[in-house]
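In what follows, a structure is listed as structure tokens, so that the remarks can point back to it.
The values are calculated or read from the model by the stated rules, or taken from the named source; none is laboratory data. Keep in mind the model is a prediction, meaning the values are calculated, not measured. A quick note on method: Cβ atoms are made from the backbone with ideal geometry, for glycine too, and the neighbour counts reach across all protein chains shown.
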Amino acid sequence: MPTSTSRLSYPDCESFLNIALEDEKGARLPFPREGQANQFRVRLNYFRTLVRNDNAKVHPEKDHPMHGRCEYDVLQFTVVPDSDGEWWVYARINQINEAEVERLSDVEGQ
């Protein structure tokens, strides 16, 4: 069966992503098998694509900050096993500690 192109087919993905955005680091969800976790990760990425496509239509101006983008773009999805045999889908917010960033001009010779 092909993947649905309707955003209404992904309420679980939308809910999970919204919860992840509410936390400063993200969220995770358990699955009993690796295949189920990987399938959910695929669905998360496809849902994000659908949101981007919708935003490109809603904001047709290419210079608009949301044209072809979505609020979920800050999330990175990974599948991680644990010692109990469960598989977790993580949605981590891409962020860095700016205090740890070193400018190369500060550390390399001129």
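If you go through the range 34-64 and keep only what is farther than 15 Å from Pro11 by Cα and either β-branched (Val, Ile, Thr) or in contact with a strand residue (DSSP E or B) (Cβ under 8 Å, 6 or more places away or on another chain) (or both), you end up with Glu34, Gln36, Ala37, Asn38, Val58. When you check Ile19 against the structure, is it at pLDDT 90 or above and in contact with a helix residue (DSSP H, G or I) (Cβ under 6 Å, 6 or more places away or on another chain), yes or no? For Ile19, the condition - at pLDDT 90 or above and in contact with a helix residue (DSSP H, G or I) (Cβ under 6 Å, 6 or more places away or on another chain) - is not met. Among the residues of the range 61-82, those that are closer than 27 Å to Glu34 by Cβ and over 18 Å from the mean Cα position of the chain (by Cα) comprise Pro81, Asp82. Of the set (1) at pLDDT 95 or above; (2) not in a helix (DSSP H, G or I), all apply to Thr5 but (1).
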